[in-house]
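Undergrad: I am attaching a structure below and will ask some questions about it afterwards.
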Amino acid sequence: MATLGRVSTPAAELVNASKRYGEVEAVRDVSFVIEPGEVVAMLGPNGAGKTTSISLMLGTRKPTSGTVRLFGLDPNDRRARSRIGVMLQESGVPGVLRVEEIVDLFRSYYPAPLPTAQAIEMAGLEEKARSLVKDLSGGQHQRLYFALAICGDPDALFLDEPTVGMDVEGRRRFLEEIDALATKGRTVVLTTHYLEEADQLARRVIVIDHGRVIADATPAAIKARVAGKRVTFSTAAPPEESQFAGLPLNSKQIEDHRVRLLTSEPEEVLRELFRRGVEIRDLEVAGADLEEAFVAMTHHGAEK
Amino acid sequence: MSVAAVRTGTAPLLPMLATQSYAEFVKLFRVPAFSVTSIVLPSMFFAFIGLGQAKEPLFPGSTVTFGAYFLASMALYGVANVMVLGFGISLANERGQKQDLLMKSTPLPAPVYFTAKALSALAIALISIVVLGLFAAIAGGVHLNASQLLTLGVRAMLCSIPFIGLGFALGYLAGPNSAPAVTNLIYLPTAFASGLFFPLRLLPNFLQNIAPYLPLYRAAHLVWDSVGAPTEGESISTDWLYIAGYTVAFFLLALWAYRRDQGKKFN
């Protein structure tokens, strides 16, 4: 028993793990170790294999090959499960229970849970404690799932798209709570579509694409991978495709009159645009952010 | 060591079972479509069919009243109804809402979850018997002695056990939308064919031939016997054997259905 509590045991570990659903290979030969106390964001486009990777760590899916350990144990071991809290996409909870009743219920699954009121407060649901679950809004549902994830006072949290559907205030509060848990040395593994969240919270980012880990580094290191600048401007007339032909661009997004370019040669690009007579307004040139890095990586830098 | 033990331990199972059972009871009780039909329907049928002739003898010269006989029928109908519909529909719904997904990631052991479900359904079944018994006594003047009441209650509850397995199996085999239809389609005709509403001799021949193999028919013998209206022919030990056999068969079916469902989702 004592060995389980040792600091050196990884919170979660995937060794050459693959998962195949029929013809689809959702996760291919993935290996990584998540140490206790790490805050890790898993990024990737839809269908990249993020949810499957989380499911493997939780034991709700078995790897087709390779091994998965949760606190050094089989993820289905009750001793391992007793140390984690989870938020899953698309999972349901009984609608006819009250918020405090279901938090109480989930607390009973764990050896040293938080007081019910504290879990509800951390999730920002104090005013809804006596409401039936089915009467909660979408964002409140998401907060409830957070309350259920933390009520067991777990060592590690696995959060799959946790802030989907939360309002601005809910998200702010949620991010604060995650930060506080991280400060207390808790392990947090989350998947997210909001790159700013990953940038703000995580000290490590694992980028998954087509079932493979294509990057595993700090947010800063991942940003640095994209040796480029973001050039943003508006145009007087709607921009035309021909105006950008032959420019050294890594990516290009055009919305109405607003143009976002990613390039490693911003001076050359701007010089050429001016020469072509494009009327440029509100020009901004900045270092690439995580989102650009992410887009560049998962699209392999290709430009359509 | 002791500090580490706290963080690496597991929660005690008995308080977990108690909390889970309460939650399962509340989940059933707060759904009127289920709780009202389970608790009121047997009494309503008793009012429609049993009240008018509650004090008449079951057959000319019998010491057992039709009221006592029909009370036993409806007690059985009620408890089995709770099991098949309670388990079947609520499990199918929970699967439909993917509640099992989140449950699966918690340290809650599956046997605790299912025991809690069974206990909560048994509690609703007990309420339905008590309500029916009170209604029959007050409105129909059906008075059984204490030993008859106790025997009827115990036998009805015991006979509900195979139906826990059946409801469980249906819950894992039927989809959330089809579950109410499927469970009713199976349960209602079986209740009729087992003679719970009308004596078997009034039913078509083919049903009379099937009836002896139905679990509710066997259970009916046991509850009728408990109010002093034994069925001629086979002894009640044969009926008990059938009930035991059906219990094993339905639970094996349930286990198979459960494994099949889990295999699809969690492999």
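The values are calculated or read from the model by the stated rules, or taken from the named source; none is laboratory data. This structure is a prediction, so every number in the text was calculated from the model and none was measured. Because the Cβ atoms are built from the backbone with ideal geometry, glycine has one as well, and the counts that use them run over all protein chains shown.
Undergrad: Being among the polar types (S, T, N, Q) and buried (at least 18 other Cβ atoms within 10 Å of the Cβ) is the filter here; which residues of segment B:161-212 pass it?
TA: Residues of segment B:161-212 among the polar types (S, T, N, Q): B:177-178, B:183-184, B:190, B:194, B:205, B:208-209.
Once the filter is applied, which keeps residues that are among the polar types (S, T, N, Q) and buried (at least 18 other Cβ atoms within 10 Å of the Cβ), segment B:161-212 yields B:THR183, B:THR190, B:SER194.
Undergrad: Within the group A:VAL96, A:VAL189, A:VAL133, A:VAL103, which residue is touching a residue at least 12 places away in the same chain (Cβ under 8 Å), in contact with a His (Cβ under 9 Å, 6 or more places away or on another chain) and in the same structural domain as A:ARG79 (by TED's automatic domain parsing)?
TA: Numbers: A:VAL96 fails: in contact with a His (Cβ under 9 Å, 6 or more places away or on another chain); A:VAL189 fails: in contact with a His (Cβ under 9 Å, 6 or more places away or on another chain); A:VAL103 fails: in contact with a His (Cβ under 9 Å, 6 or more places away or on another chain).
A:VAL133 is the lone residue from the list that is touching a residue at least 12 places away in the same chain (Cβ under 8 Å), in contact with a His (Cβ under 9 Å, 6 or more places away or on another chain) and in the same structural domain as A:ARG79 (by TED's automatic domain parsing).
Undergrad: Assess whether A:LEU144 counts as being part of a strand (DSSP E or B) and not β-branched (Val, Ile, Thr).
TA: Working: part of a strand (DSSP E or B): no; not β-branched (Val, Ile, Thr): yes.
Spelling it out, it is not the case that A:LEU144 is part of a strand (DSSP E or B) and not β-branched (Val, Ile, Thr).
Undergrad: Just checking: which of the helices (runs of 4 or more DSSP H) contained wholly in segment B:156-267 hold 2 or more residues that are among the acidic types (Asp, Glu)?
TA: On the way: elements: B:179-193, B:205-210, B:215-226, B:236-266.
Result: B:236-266.
Undergrad: Of B:LYS117, B:LYS104, which residue is in contact with an Asp or Glu (Cβ under 9 Å, 6 or more places away or on another chain), buried (at least 20 other Cβ atoms within 10 Å of the Cβ) and either on the phi < 0 side of the Ramachandran plot or within 14 Å of chain A (Cβ to nearest Cβ) (or both)? Working first, answer last.
TA: Working: B:LYS104 fails: in contact with an Asp or Glu (Cβ under 9 Å, 6 or more places away or on another chain).
Step by step, each of B:LYS117, B:LYS104 is checked, and only B:LYS117 is in contact with an Asp or Glu (Cβ under 9 Å, 6 or more places away or on another chain), buried (at least 20 other Cβ atoms within 10 Å of the Cβ) and either on the phi < 0 side of the Ramachandran plot or within 14 Å of chain A (Cβ to nearest Cβ) (or both).
Undergrad: Of the conditions (1) within 12 Å of chain B (Cβ to nearest Cβ); (2) assigned to a loop (DSSP other than H, G, I, E, B), A:GLY124 satisfies every one except a single condition; which number is it?
TA: Unmet for A:GLY124, out of (1) within 12 Å of chain B (Cβ to nearest Cβ); (2) assigned to a loop (DSSP other than H, G, I, E, B): (1).
Undergrad: Can you tell me which residue in segment A:36-85 is modelled with the lowest pLDDT, limited to those that are of a type in the set (Val, Ile, Thr) and not in a loop (DSSP other than H, G, I, E, B)? I'd like the intermediate steps shown before the answer.
TA: Pass one, segment A:36-85, residues of a type in the set (Val, Ile, Thr): A:39-40, A:51-52, A:54, A:60, A:64, A:67-68, A:84.
With not in a loop (DSSP other than H, G, I, E, B) added as a condition, the list becomes A:39-40, A:51-52, A:54, A:67-68, A:84.
On the way: A:VAL39: 94, A:VAL40: 95, A:THR51: 88, A:THR52: 91, A:ILE54: 92, A:THR67: 95, A:VAL68: 96, A:ILE84: 95.
It comes out as A:THR51.
Undergrad: Would you say A:VAL207 is within 14 Å of chain B (Cβ to nearest Cβ), closer than 15 Å to A:SER53 by Cα and crowded, with 22+ Cβ neighbours inside 10 Å?
TA: Numbers: within 14 Å of chain B (Cβ to nearest Cβ): no; closer than 15 Å to A:SER53 by Cα: yes; crowded, with 22+ Cβ neighbours inside 10 Å: yes.
So A:VAL207 does not fit the description; no.
Undergrad: Can you give me the ranges of the strands (runs of 3 or more DSSP E) entirely in segment A:195-280 with at least 2 residues that are more than 26 Å from the chain's Cα centre (by Cα) and touching a residue at least 24 places away in the same chain (Cβ under 8 Å)? Spell out how you get there, then give the answer.
TA: On the way: elements: A:204-209, A:212-217, A:229-235, A:251-255, A:258-263.
Per the criteria, A:229-235, A:258-263.
Undergrad: Within segment A:159-181, is even one residue within 12 Å of chain B (Cβ to nearest Cβ) and acidic (Asp, Glu)? Steps first, please.
TA: Start the filter on segment A:159-181 by keeping residues that are within 12 Å of chain B (Cβ to nearest Cβ), which leaves A:159-160.
So of that shortlist, the ones also acidic (Asp, Glu) come out as A:160.
Among the residues of segment A:159-181, at least one is within 12 Å of chain B (Cβ to nearest Cβ) and acidic (Asp, Glu), which makes the answer yes.
Undergrad: If we scan segment A:77-87, do we find a residue that is of a type outside the set (Gly, Ala, Ser), over 24 Å from A:PHE146 (Cβ atoms) and out of contact with any Ser or Thr (no Cβ under 9 Å at 6 or more places or on another chain)? Even if it seems obvious, please write down each step before you answer.
TA: Quick first cut of segment A:77-87, residues of a type outside the set (Gly, Ala, Ser) only: A:77-79, A:81, A:83-84, A:86-87.
Applying the additional criterion that residues be over 24 Å from A:PHE146 (Cβ atoms) yields A:77.
Okay, now just the ones that are also out of contact with any Ser or Thr (no Cβ under 9 Å at 6 or more places or on another chain), so A:77.
Scanning segment A:77-87 turns up at least one residue that is of a type outside the set (Gly, Ala, Ser), over 24 Å from A:PHE146 (Cβ atoms) and out of contact with any Ser or Thr (no Cβ under 9 Å at 6 or more places or on another chain).
Undergrad: Please enumerate the residues belonging to segment A:36-62 that are touching a strand residue (DSSP E or B) at 6+ places or on another chain (Cβ under 9 Å), surrounded by fewer than 19 Cβ atoms within 10 Å (Cβ to Cβ) and either closer than 26 Å to A:GLY22 by Cβ or not assigned by TED's automatic domain parsing to the domain that holds A:LEU195 (or both).
TA: A:PRO45, A:GLY47, A:LYS62
For (1) within 30 Å of A:VAL295 (Cα to Cα); (2) among the aromatic types (Phe, Trp, Tyr), each residue gets a yes or a no:
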| site | (1), (2) |
| --- | --- |
| A:PHE146 | yes, yes |
| A:ASP153 | no, no |
| A:ILE178 | yes, no |
| A:ALA182 | yes, no |
| A:GLY185 | no, no |
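Undergrad: Let me ask something else. Does B:ALA33 qualify as being within 14 Å of chain A (Cβ to nearest Cβ), more than 22 Å from B:VAL130 (Cβ to Cβ) and of a type in the set (A, V, I, L, M, F, W, C)?
TA: Working: within 14 Å of chain A (Cβ to nearest Cβ): yes; more than 22 Å from B:VAL130 (Cβ to Cβ): no; of a type in the set (A, V, I, L, M, F, W, C): yes.
It is false that B:ALA33 is within 14 Å of chain A (Cβ to nearest Cβ), more than 22 Å from B:VAL130 (Cβ to Cβ) and of a type in the set (A, V, I, L, M, F, W, C).
Undergrad: With respect to B:TYR77, determine if the residue is more than 14 Å from every other protein chain (Cβ to nearest Cβ), more than 14 Å from the chain's Cα centre (by Cα) and buried (at least 21 other Cβ atoms within 10 Å of the Cβ).
TA: Working: more than 14 Å from every other protein chain (Cβ to nearest Cβ): yes; more than 14 Å from the chain's Cα centre (by Cα): no; buried (at least 21 other Cβ atoms within 10 Å of the Cβ): yes.
It is false that B:TYR77 is more than 14 Å from every other protein chain (Cβ to nearest Cβ), more than 14 Å from the chain's Cα centre (by Cα) and buried (at least 21 other Cβ atoms within 10 Å of the Cβ).
Undergrad: Exactly one condition in (1) farther than 23 Å from A:LEU43 by Cβ; (2) in contact with a Gly (Cβ under 7 Å, 6 or more places away or on another chain); (3) not in a loop (DSSP other than H, G, I, E, B) is not met by A:ALA149; state its number.
TA: Result: A:ALA149 passes all but (1).
Undergrad: Against the definition (within 14 Å of chain B (Cβ to nearest Cβ), closer than 17 Å to A:ARG98 by Cα and out of contact with any Ser or Thr (no Cβ under 9 Å at 6 or more places or on another chain)), how does A:ARG143 come out, yes or no? Talk me through it step by step, then tell me what you get.
TA: Values: within 14 Å of chain B (Cβ to nearest Cβ): no; closer than 17 Å to A:ARG98 by Cα: yes; out of contact with any Ser or Thr (no Cβ under 9 Å at 6 or more places or on another chain): yes.
Against the criterion (within 14 Å of chain B (Cβ to nearest Cβ), closer than 17 Å to A:ARG98 by Cα and out of contact with any Ser or Thr (no Cβ under 9 Å at 6 or more places or on another chain)), A:ARG143 does not qualify.
Undergrad: Take segment B:16-44 and flag every residue that is out of contact with any Leu (no Cβ under 9 Å at 6 or more places or on another chain), assigned to a helix (DSSP H, G or I) and at pLDDT below 95.
TA: B:LEU28, B:PHE29, B:PRO32, B:ALA33, B:VAL36, B:VAL40, B:LEU41, B:MET44
Undergrad: Scan segment A:89-110 and give yes if some residue there is at pLDDT 95 or above, more than 7 Å from chain B (Cβ to nearest Cβ) and part of a loop (DSSP other than H, G, I, E, B), otherwise no.
TA: The answer is no; no qualifying residue exists.
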